[in-house]
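In what follows, a single structure is set out as structure tokens and then discussed.
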Amino acid sequence: MKEIHVKDITETVEKLCIEACTTLGNDWWQTMDKAVSQEESTLGKDMLGIIRENAKLAASTGEPICQDTGTAVIFLEMGQEVRIAGGNLYHAINEGVHRGYTNGYLRKSVVSDPLIRKNTGDNTPAIIHVDIVSGSDLKITVAPKGAGSENSSGLKMLKPADGEDGVIQFVMEVVEAAGPNACPPVVVGVGLGGNLEKSAILAKRSLLRPLGKRHPQPHIAKLEEEILRRINSTGIGPQGLGGRITALDVHIETYPTHIASLPVAVNIQCHASRHAEAVL
Amino acid sequence: MNRIKTPLDFETIRKLKAGDQVSLSGVLFTGRDAAHKRLVDTYLAGQELPVDLRGQVIYYVGPCPAKPGKVIGSAGPTTSIRMDPYTPLLVRELGLRGMIGKGHRSQKVVDVIKEEGAIYFLTIGGAAALLAQRIKKAEVVAYPEFGPEAIYRLEVEDFPLIVGVDSDGRSAYDEGQSKYRLIHSVVGSGETLENRR
Ligand code: SF4
């Protein structure tokens, strides 16, 4: 058994909230460089240039990349040999979100009730997904998610007979309907299989995969490339102003499903593809 | 690059065409859903409005809090269509002339823009740190209780914009995208994609 104190969890979550909102990964920079060189539209190239300049500025000044610092989505991979000491795990995480969003001058965008809509004032509660894994480590990933791209996402329970073509069709519908609202170039996360909620979590989780990395199974990797090609043929382009680069990547994650089901969830991620992780 | 100043008059607006890049200096007012609703309710109740919008430009933004010593936190555009139910009244009755946001507008708003000689600008979604640097002054002028949704008066310099819908009702999205589209749109058509196996 390894003991991890809630104090360390709170401090880590605070740090990760700020880090995620102000810096982007190496994979993002490499993919953007490639996108700039491939973009055919002059205005599109300008947009990509401004997006890069903004990210550089955010990293150097510590100001948030985007003012919508989102809902704090938190993935935990918790080793089954870990024991949490000193308090409640969820309270510790929410305390970290409270401190990160307050001390980091991040925008508080969470309302306590979907209909009454009063701001909670500190961006809590976080949305927390826990996976129990082997070992004695606790991996924490903070992935702030803004509403522009989240609101453009969608889920559909297809029929098995719809097959691969049906999947492609639905992903394209979601991407086209999102258009400029999701701040393209986007990353498209697809959860295929499982059931209703499983497909949605797969889609969200797929956004954590480094950009440019393909799915290990050849038929899924091929489908990712095919969907990416089609998305980048829509002409939506950077910021929706027309061009080649509508999406930076497509990630698909799959899970076994029912004989009668083919769930497809599409989670759109804007160009501010923010996530930061740490292992305790 | 077109350089313009606020307040806007029709002479300036009519020269700007969908897709043009524009650099704006002067005053902007911020406003999101809550502020729009309050403005419209106040006007319809026959009460006095906290800001005079004649010839002015509203920026749809809910900024991050300012760090100590800074003018404002990161401040990029939010999705404009949420404001569409309120926009016709603001343009027709209150004299609003420009809007800055991101995303498509409804046909109703496009019609009002044409009829009234107004304009809809886009700015770069998610370029919030860079845009905040172009904001030189910020003060809350109404509804402080709305937090990031309060109405701020901003003074901006060289604020980068793209004309989204011009006073002829032309759209930068439609015109820009059609040049690069290689496949049919699947939205609402129910039709199959090309090259289906
Ligand atoms: S969609 Fe993303 S980049 Fe655009 S405003 Fe929202 S969080 Fe920012």
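The values are calculated or read from the model by the stated rules, or taken from the named source; none is laboratory data. Here the structure is a predicted model, which means the values were calculated and not measured. Neighbour counts run over all protein chains shown; Cβ positions are idealised from the backbone, glycine included.
Which count do you get for residues in the range B:92-135 that are basic (Lys, Arg) and either farther than 24 Å from A:GLY70 by Cα or touching a His at 6+ places or on another chain (Cβ under 8 Å) (or both)? Walk me through how you get there before you give the answer.
In the first step, residues of the range B:92-135 are kept if they are basic (Lys, Arg); the result is B:92, B:97, B:102, B:105, B:108, B:114, B:134.
Filter again for either farther than 24 Å from A:GLY70 by Cα or touching a His at 6+ places or on another chain (Cβ under 8 Å) (or both), leaving B:92, B:97, B:108, B:114.
Counting residues in the range B:92-135 that are basic (Lys, Arg) and either farther than 24 Å from A:GLY70 by Cα or touching a His at 6+ places or on another chain (Cβ under 8 Å) (or both) gives 4.
Which ones in the range A:140-153 are more than 9 Å from the ligand (Cβ to nearest atom), of a type outside the set (A, V, I, L, M) and either surrounded by fewer than 19 Cβ atoms within 10 Å (Cβ to Cβ) or outside the structural domain of A:VAL187 (by TED's automatic domain parsing) (or both)? Reasoning before the result, please.
Residues of the range A:140-153 more than 9 Å from the ligand (Cβ to nearest atom): A:140-143, A:153.
If we keep only those that are of a type outside the set (A, V, I, L, M) too, we end up with A:141, A:153.
Result: A:THR141, single match.
Per-residue answers, yes or no, for (1) more than 14 Å from chain A (Cβ to nearest Cβ); (2) among the β-branched types (Val, Ile, Thr); (3) surrounded by fewer than 24 Cβ atoms within 10 Å (Cβ to Cβ); (4) closer than 26 Å to A:PRO185 by Cβ:
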{"residue": "B:LEU53", "(1), (2), (3), (4)": "yes, no, yes, no"}
{"residue": "B:VAL61", "(1), (2), (3), (4)": "no, yes, no, yes"}
{"residue": "B:TYR86", "(1), (2), (3), (4)": "yes, no, yes, no"}
{"residue": "B:LYS102", "(1), (2), (3), (4)": "no, no, no, yes"}
{"residue": "B:LYS114", "(1), (2), (3), (4)": "yes, no, yes, no"}
{"residue": "B:GLY126", "(1), (2), (3), (4)": "no, no, no, yes"}
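Of a type outside the set (Val, Ile, Thr), touching a residue at least 60 places away in the same chain (Cβ under 8 Å) and within 30 Å of A:VAL111 (Cα to Cα): does that describe A:MET32? Don't jump to the end; show me each part of the working.
Values: of a type outside the set (Val, Ile, Thr): yes; touching a residue at least 60 places away in the same chain (Cβ under 8 Å): yes; within 30 Å of A:VAL111 (Cα to Cα): no.
Here the answer is no, as A:MET32 does not meet what is asked.
Answer yes or no as to whether B:GLY98 is at pLDDT 95 or above, under 17 Å from B:ARG170 (Cα atoms) and away from the ligand (no atom under 14 Å from the Cβ).
Details: at pLDDT 95 or above: yes; under 17 Å from B:ARG170 (Cα atoms): yes; away from the ligand (no atom under 14 Å from the Cβ): yes.
When the stated conditions are applied, B:GLY98 passes them.
Looking at B:VAL27, B:VAL51, B:VAL61, B:VAL57, which one is among the β-branched types (Val, Ile, Thr), farther than 21 Å from B:ALA127 by Cα and touching a strand residue (DSSP E or B) at 6+ places or on another chain (Cβ under 9 Å)? If you could, list the steps in order and put the result at the bottom.
Numbers: B:VAL27 fails: farther than 21 Å from B:ALA127 by Cα; B:VAL61 fails: farther than 21 Å from B:ALA127 by Cα; B:VAL57 fails: farther than 21 Å from B:ALA127 by Cα.
Going through B:VAL27, B:VAL51, B:VAL61, B:VAL57 in turn, just one is among the β-branched types (Val, Ile, Thr), farther than 21 Å from B:ALA127 by Cα and touching a strand residue (DSSP E or B) at 6+ places or on another chain (Cβ under 9 Å): B:VAL51.
From the residues in the range B:128-178 that are aromatic (Phe, Trp, Tyr) and closer than 23 Å to A:GLY148 by Cα, which one is nearest to the other protein chains (Cβ to nearest Cβ)?
Here is the first cut: in the range B:128-178, the residues aromatic (Phe, Trp, Tyr) are B:143, B:146, B:152, B:159, B:173.
Right, trim to closer than 23 Å to A:GLY148 by Cα and you get B:146, B:152, B:159, B:173.
Values: B:PHE146: 9, B:TYR152: 13, B:PHE159: 12, B:TYR173: 5 Å.
Looking at the filtered set, the residue picked out is B:TYR173.
Listed here are the residues, each with its yes/no results for (1) surrounded by 17 or more Cβ atoms within 10 Å (Cβ to Cβ); (2) assigned to a loop (DSSP other than H, G, I, E, B); (3) more than 16 Å from the ligand (Cβ to nearest atom); (4) touching a residue at least 60 places away in the same chain (Cβ under 8 Å).
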position	(1), (2), (3), (4)
A:MET78	yes, no, yes, yes
A:ALA92	yes, no, yes, yes
A:GLY100	yes, no, yes, yes
A:LYS108	yes, yes, no, no
A:ASP113	no, yes, yes, no
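Within the range B:152-183, work out how many residues are among the β-branched types (Val, Ile, Thr) and more than 14 Å from the chain's Cα centre (by Cα). Step through it out loud before you land on a result.
We begin by selecting, within the range B:152-183, every residue among the β-branched types (Val, Ile, Thr); these are B:156, B:162-163, B:165, B:183.
From what is left, the residues that are more than 14 Å from the chain's Cα centre (by Cα) are B:156, B:183.
Count: 2.
Within the range B:74-130, how many residues turn out to be part of a strand (DSSP E or B) and either without any contact (Cβ under 8 Å) to a residue 24 or more places away in the chain or aliphatic (A, V, I, L, M) (or both)? Explain how you work it out, then say what you get.
Taking the range B:74-130 as the starting set, the residues that turn out to be part of a strand (DSSP E or B) are B:79, B:98-102, B:119-122.
When the remaining residues are screened for being either without any contact (Cβ under 8 Å) to a residue 24 or more places away in the chain or aliphatic (A, V, I, L, M) (or both), the result is B:99-100, B:119, B:122.
Matching residues across the range B:74-130 total 4.
Only one residue in B:LEU49, B:LEU39, B:LEU44 is away from chain A (no Cβ under 14 Å), crowded, with 16+ Cβ neighbours inside 10 Å and not polar (S, T, N, Q). Which one? Quick ask: steps written out before the conclusion?
Working: B:LEU49 fails: crowded, with 16+ Cβ neighbours inside 10 Å; B:LEU44 fails: crowded, with 16+ Cβ neighbours inside 10 Å.
Going through B:LEU49, B:LEU39, B:LEU44 in turn, just one is away from chain A (no Cβ under 14 Å), crowded, with 16+ Cβ neighbours inside 10 Å and not polar (S, T, N, Q): B:LEU39.
When you scan the range B:131-150, do you find a residue that is aliphatic (A, V, I, L, M), buried (at least 22 other Cβ atoms within 10 Å of the Cβ), out of contact with any strand residue (DSSP E or B) (no Cβ under 8 Å at 6 or more places or on another chain) and part of a helix (DSSP H, G or I), even just one?
Yes, the conditions are met somewhere in the range B:131-150.
Could you list, in sequence order, all residues of the range A:3-34 that are among the charged types (D, E, K, R) and under 23 Å from B:PRO65 (Cβ atoms)?
As a first pass, look at the range A:3-34 and keep what is among the charged types (D, E, K, R): A:3, A:7-8, A:11, A:14-15, A:19, A:27, A:33-34.
Residues satisfying the conditions are A:GLU11, A:GLU14, A:LYS15, A:GLU19.
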